[in-house]
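First comes the structure, then the notes that go with it.
The values are calculated or read from the model by the stated rules, or taken from the named source; none is laboratory data. Predicted model only: the values in this text are computed from it and were never measured. Because the Cβ atoms are built from the backbone with ideal geometry, glycine has one as well, and the counts that use them run over all protein chains shown.
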Amino acid sequence: MSLRQLIKPLVIKSMLLREWWQSGIAYNPISPRVFNDPYPIYAALRAQDPVHWSILMDSWVLTRYHDVDAILRDHRRYSNDGRNRIFSPRSRQASLGAQEEPSMLFLDPPDHTRLRALVNKAFTPQTIEALEPRIRAIMAELLDQIEDPTAFDVIEAVANPLPVIVIAELLGVPPADQAQFKIWSDQRARTLEPTRTASELQEARHAGEALDAYFLNIINDRRQEPRDDLISALVAAEEAGDKLTEREMVIMLRLLLVAGNETTTNLIGNGMLALLRHPEQMQTLRDTPSLLSSAVEELLRYDSPVQTDVRIAMEDHELDGRPIRKGQGIVMLIGAANHDPQAFPDPERLDITRNKNSHISFGRGIHHCLGAALARLEGRIAFEALLDRFGEMHLRTAQPAFKDHIVLRGLRTLPVSAK
């Protein structure tokens, strides 16, 4: 072990000690305990210091539902563009993707408004509804391909392949290239995580370059022979002069691939884990299939696929008596907001019949998830097909391993026995 590897944990421990000394509580998002179950520390933060200054993250950390909801809706006072962030000297190097061109996800109006309008029509309720037969067919094919239906990994068999096949087909990517797309997508998704290593960041950059080259080839093909897919629609928008450059198109396609992949994988994996750990809820869903839509919403709330979102303060102001300075980062813990007892009675209980369930798993305001309807549909079809195919399902391990992620919470594997 190098000297640097020895010193880093000591520095983190020192910072956390200072944080605890100042506020009575410390938040260490890179603790294995938090990866596996972040909800106890969320509850402690919400109760003891809901507007918490994290020395480790050099940002404010918010855990209450009404705070998170309000900031996500206020795009004028809180920016999504990381270029507005003012870093302390210590944390400047930790800025994520600062050297890359930002996607629509990290832009403010008017650029965000212009770009989102160009892809909105691909995600209308009518368009998504039309995909249902194909998604059902893909799901049936995946279940048929399971080598041993009595013992398999839900992540490998279903949660990983389903979303990437759906988004690849929506974009217009040939089936032969979809496995490589999954690799590129996973590598790109690591750029969102503060836990990424230098080698992973380098991999992500190489993946971005490979995706750009791949998409440019398809774009050129669609200029010659348009098809009924999203890439052809974006090419038509560019050629019609709808304020979309080729470079913006490529960055948009990158974003749609990543956003339409790992988040839905996490919904299916985290959701199945929750049902397996609450067999009475799974049985209720088997007995009353009409609860599927309600169940998907509760599973989104209970263990959110996206755990954090970040904004940058655009002016000095106070929040709950705390001085927020222009340029400071604000980390909103979506998972904590979704477990706030002020918004959700008995929030630690999984209840697929929950009526009032205005969770924040898809965000709020102008950055509300563009693919929310598609994710809901894929989740509903996946849960329904798994329960229909297997009369019984049980966990094969008490503690399935979660990835060491802070932003996108998901399982590495979910081994089950079934019959």
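Filtering GLY391, GLY321, GLY327 for residues that are within 26 Å of TRP60 (Cβ to Cβ) and modelled with pLDDT under 95 leaves a single hit, GLY321. Annotation: of all residues in segment 69-80 being farther than 20 Å from TYR39 by Cβ and out of contact with any His (no Cβ under 8 Å at 6 or more places or on another chain), the one that is surrounded by the fewest Cβ atoms within 10 Å (Cβ to Cβ) is ARG76. Contact annotation: residue pairs with Cβ atoms under 9 Å, 6 or more positions apart or on different chains, pairing a residue in segment 311-340 that is more than 22 Å from HIS368 (Cα to Cα) with a partner that is surrounded by fewer than 21 Cβ atoms within 10 Å (Cβ to Cβ) and among the aromatic types (Phe, Trp, Tyr), are ARG322/TRP53; GLY327/PHE87.
For (1) touching a His at 6+ places or on another chain (Cβ under 9 Å); (2) within 22 Å of PRO110 (Cβ to Cβ); (3) at pLDDT 85 or above, each residue gets a yes or a no:
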| residue | (1), (2), (3) |
| --- | --- |
| ASP228 | no, no, yes |
| VAL235 | no, no, yes |
| GLU238 | no, yes, no |
| ARG247 | no, yes, yes |
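Being among the hydrophobic types (A, V, I, L, M, F, W, C) and either over 16 Å from PRO305 (Cα atoms) or free of Cβ contacts under 8 Å to residues at least 12 places away in the same chain (or both) is the filter here; which residues of segment 347-367 pass it? Selection gives ILE352, ILE366.
When restricted to residues that are buried (at least 19 other Cβ atoms within 10 Å of the Cβ), modelled with pLDDT of 95 or more and in a helix (DSSP H, G or I), segment 19-68 contains 7. Within segment 98-112, the set of residues being buried (at least 19 other Cβ atoms within 10 Å of the Cβ) and acidic (Asp, Glu) comprises just one member, ASP108. Taking segment 161-217 as the search range and keeping residues that are basic (Lys, Arg) and part of a helix (DSSP H, G or I), which one is surrounded by the most Cβ atoms within 10 Å (Cβ to Cβ)? Among those residues, the one meeting the criterion is ARG188. Scanning segment 252-277 for residues that are touching a helix residue (DSSP H, G or I) at 6+ places or on another chain (Cβ under 9 Å) and either among the β-branched types (Val, Ile, Thr) or over 19 Å from PRO163 (Cβ atoms) (or both) yields a total of 6. Filtered by the rule that a residue be part of a loop (DSSP other than H, G, I, E, B) and in contact (Cβ under 8 Å) with a residue 24 or more places away in the chain, segment 379-400 gives PHE390, GLY391, GLU392, ARG396, GLN399, PRO400. Within segment 296-308, is even one residue without any contact (Cβ under 8 Å) to a residue 60 or more places away in the chain, within 30 Å of GLN126 (Cα to Cα) and either under 14 Å from the mean Cα position of the chain (by Cα) or not in a strand (DSSP E or B) (or both)? Within segment 296-308, one or more residues are without any contact (Cβ under 8 Å) to a residue 60 or more places away in the chain, within 30 Å of GLN126 (Cα to Cα) and either under 14 Å from the mean Cα position of the chain (by Cα) or not in a strand (DSSP E or B) (or both).
Answer with yes or no whether ASN220 is surrounded by 20 or more Cβ atoms within 10 Å (Cβ to Cβ) and polar (S, T, N, Q). Criteria not met by ASN220. Considering SER358, SER417, the condition of being farther than 30 Å from ASP148 by Cα and among the hydroxyl-bearing types (Ser, Thr, Tyr) is satisfied by SER358 alone.
Considering segment 394-415, the residues that are of a type in the set (A, V, I, L, M, F, W, C) and either under 11 Å from GLY269 (Cβ atoms) or modelled with pLDDT under 95 (or both) include one that is surrounded by the fewest Cβ atoms within 10 Å (Cβ to Cβ), namely ALA398.
Conditions (1) under 16 Å from THR263 (Cα atoms); (2) crowded, with 21+ Cβ neighbours inside 10 Å; (3) of a type in the set (Ser, Thr, Tyr), marked per residue:
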position: GLU280; (1), (2), (3): no, no, no
position: THR284; (1), (2), (3): no, no, yes
position: ARG311; (1), (2), (3): no, yes, no
position: ASN338; (1), (2), (3): no, yes, no
position: PRO341; (1), (2), (3): no, no, no
position: ARG349; (1), (2), (3): no, no, no
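Inside segment 113-157, residues that are in contact (Cβ under 8 Å) with a residue 40 or more places away in the chain, touching a strand residue (DSSP E or B) at 6+ places or on another chain (Cβ under 9 Å), surrounded by 14 or more Cβ atoms within 10 Å (Cβ to Cβ) and of a type in the set (Val, Ile, Thr) make up a count of 2.
Evaluation of LEU291 against the conditions (1) surrounded by fewer than 19 Cβ atoms within 10 Å (Cβ to Cβ); (2) within 28 Å of LEU192 (Cα to Cα) shows that the sole unmet condition is (2).
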